[in-house]
Amino acid sequence: MDEMKKAVLQYVIDEYVDEDEEMEVDAATPLISSGLVDSFSMVSLKVFLEKKYGVKLPDDEATPEAFDTVDSICDLVRKHQG
């Protein structure tokens, strides 16, 4: 797993996975469609990504589908990196 995926996955686990839950989360785990990440959380995740990777993610591309897995999130970020 590359560094971006590791960092995004760790952020998701730290911010959204309840310590009491025994939920396994990996780069392919559905985040939005499973209910782990809601629309409010998606906004904070977008802000994290923009600050950490120095990108601007257009609102029309920051869709629930694009944010549904760590893999798809990283694909979106890479698309907007220089």
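The values are calculated or read from the model by the stated rules, or taken from the named source; none is laboratory data. Note that this is a predicted model, so its numbers are computed, not measured. A quick note on method: Cβ atoms are made from the backbone with ideal geometry, for glycine too, and the neighbour counts reach across all protein chains shown.
The figures follow:
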item: Residue in region 15-38 that is part of a helix (DSSP H, G or I) and either exposed (fewer than 12 other Cβ atoms within 10 Å of the Cβ) or in contact with a Pro (Cβ under 7 Å, 6 or more places away or on another chain) (or both) present; result: no
item: Pairs where the first residue, in region 36-60, is under 23 Å from D20 (Cβ atoms) and the second is surrounded by fewer than 13 Cβ atoms within 10 Å (Cβ to Cβ) and among the small types (G, A, S), C-beta under 8 Å, 6+ apart; result: none
item: Scan of region 39-64 for residues that are among the acidic types (D, E) and not in a loop (DSSP other than H, G, I, E, B), ordered by number; result: E50
item: Residues that are farther than 21 Å from D59 by Cα, of a type in the set (S, T, Y) and at pLDDT 95 or above, drawn from region 9-49; result: T29
item: Residue that is surrounded by the fewest Cβ atoms within 10 Å (Cβ to Cβ) [pool: residues in region 65-75 that are in a loop (DSSP other than H, G, I, E, B) and not acidic (D, E)]; result: A66
item: Residue in region 43-62 that is nearest to V77 (Cα to Cα), counting only those that are of a type in the set (A, V, I, L, M) and loosely packed, with under 15 Cβ neighbours inside 10 Å; result: V47
